[in-house]
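K.L.:
What follows is a single structure, and I will ask about it in a moment.
Values quoted throughout were computed directly from the atomic coordinates according to the rules given, and no laboratory measurement underlies them. Keep in mind it's a predicted model, so treat the numbers as computed, not measured. Every residue, glycine as well, gets a Cβ built from its backbone with ideal geometry; the counts of neighbours run over all protein chains shown.
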């Protein structure tokens, strides 16, 4: 500050706000707009968890994202990379240090931009010091299961999540890899792969953003579907193709196929159902309306009708709902 210069009352107020770290709601919103993502829609600027079954490709995806940050790329899968810098990779599985070194070679990461460390719970303070003192832009924790002192349902999640949160609180983004809950067969024989992390709900609660990596039926190991959602909102699923390099994979987005246009008969039927709901379902809850639709129209189950109403698909997209219980009102969407 220039010697002898006196702050105006407004400048003094702004200076006090700065010293206290205080911000107005609009200033916070503007700040979050720029700082909530490291890679828009993929890596939060706080805590991200990438899940998937064994051999699903989650490690390859995280390595590709980490390489984009380390190399200073401007984008990843078409989305902007907001900042760049060194990446600290903490490995919990024996032999993974060599695999991450090979991935760095395959992905052309400069030698001084990837730091690789074997996990030791006694070194949490050292990891935090490196993350802050070396200007680390991202910490990769590979993986949660390998770091636990017991079984996934027996070990205390805080033994991993608490020190990871310390790193996040220091302003360094963290992405943790974790196995997803086990898949199962539905009644129709289709294999369902849950998109949440395995074990206690604390793992899901910790993440600000999550990516679930799953295969795409009929396309072998080279194609993957990425489901992206968390506290920062849900993003559209992305289908990616992977080019195998050696220990790493180079990903590219598969352009979505255009859905066939609905027939005029389908559109007319949806409009008929929507008008019927407005005429007959005033003061009726969503579940009861779904039951009434199933009774009135052939080929629609109650579950399907309720789903369309709640998700605003099919005839549900033509309807607007307000109120609750006996005060529920249905109207045609304008």
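K.L.:
Along the three principal axes, how long is region 63-144 when you take its alpha carbons, biggest first, rounded to the nearest angstrom?
P.N.:
38, 26, 23
K.L.:
Output the 0 to 90 degree angle, nearest 10, between the alpha-carbon long axis of helix 96-106 and the longest principal axis computed from the alpha carbons of the chain.
P.N.:
The two axes meet at around 80 degrees.
K.L.:
Now, a different point. Which percent, to the nearest 5, of DSSP beta bridges fully inside the chain are antiparallel?
P.N.:
Antiparallel bridges: around 55 percent, rounded to the nearest 5.
K.L.:
Related question: Springs between alpha-carbon atoms under 10 Å, Gaussian network over the chain: tell me which of 85, 316, 196 tops the mean-square fluctuations.
P.N.:
316
K.L.:
Taking neighbour Cβ counts within 10 Å as the exposure measure, how do 76, 315 sort from fewest upward?
P.N.:
76, 315
K.L.:
Please give the helix 9-20 orientation as an angle from the longest Cα principal axis of the chain, in degrees from 0 to 90, rounded to the nearest 10.
P.N.:
80 degrees
K.L.:
Taking a quarter of the surface of the Cα convex hull of region 264-332, what do you get in nm²?
P.N.:
3.9 nm²
K.L.:
Under a crude label model (7 Å from the Cα following the beta-carbon direction), how far is residue 8 from residue 287 in nanometres?
P.N.:
Each label point is offset 7 Å from its Cα along the Cβ direction, giving 6.0 nm.
K.L.:
Still on this structure, I have one more. What order do you get for 203, 42 when you list them from fewest to most C-beta neighbours inside 10 Å?
P.N.:
203, 42
K.L.:
Tell me, what is the FRET efficiency for residue 272 and residue 234 to the nearest 0.05, using R0 = 35 angstrom and their Cβ-Cβ distance as r?
P.N.:
0.70
K.L.:
What is the distance, in nm, between label points placed 7 Å from the Cα along the Cα-to-Cβ direction at residue 317 and at residue 129?
P.N.:
5.8 nm
K.L.:
Using a Förster distance of 25 angstrom, determine the FRET efficiency expected from the C-beta separation of residue 105 and residue 55, and round it to 0.05.
P.N.:
0.70
K.L.:
Something else: Can you tell me the orientation of helix 58-71 relative to the chain, as the angle in degrees between its alpha-carbon axis and the longest Cα principal axis, to the nearest 10?
P.N.:
Compared with the principal axis, the helix lies near 50 degrees.
K.L.:
In vacuum, with every alpha carbon of the chain counted as one equal point scatterer, what does the Debye formula give for log10 I(q)/I(0) at q = 0.12 Å⁻¹? Two decimals, please.
P.N.:
Scattering profile of the chain, log10 relative to I(0): -0.96.
K.L.:
Can I ask one more? Arranged by the count of other C-beta atoms within 10 angstrom, fewest first, what order do 179, 209 take?
P.N.:
Ascending Cβ contact count within 10 Å gives the list 179, 209.
K.L.:
A follow-up question, please. Evaluate E = 1/(1 + (r/R0)^6) for residue 304 and residue 241, where r is the Cβ-Cβ distance and R0 equals 51 Å; express this FRET efficiency to the nearest 0.05.
P.N.:
Efficiency, rounded to the nearest 0.05: 0.95.
K.L.:
Find how much the distance from residue 153 to residue 295 grows on full extension, using 0.36 nm per residue of separation minus their present alpha carbon separation; answer in nm with one decimal.
P.N.:
Contour length minus the Cα-Cα distance gives 46.7 nm.
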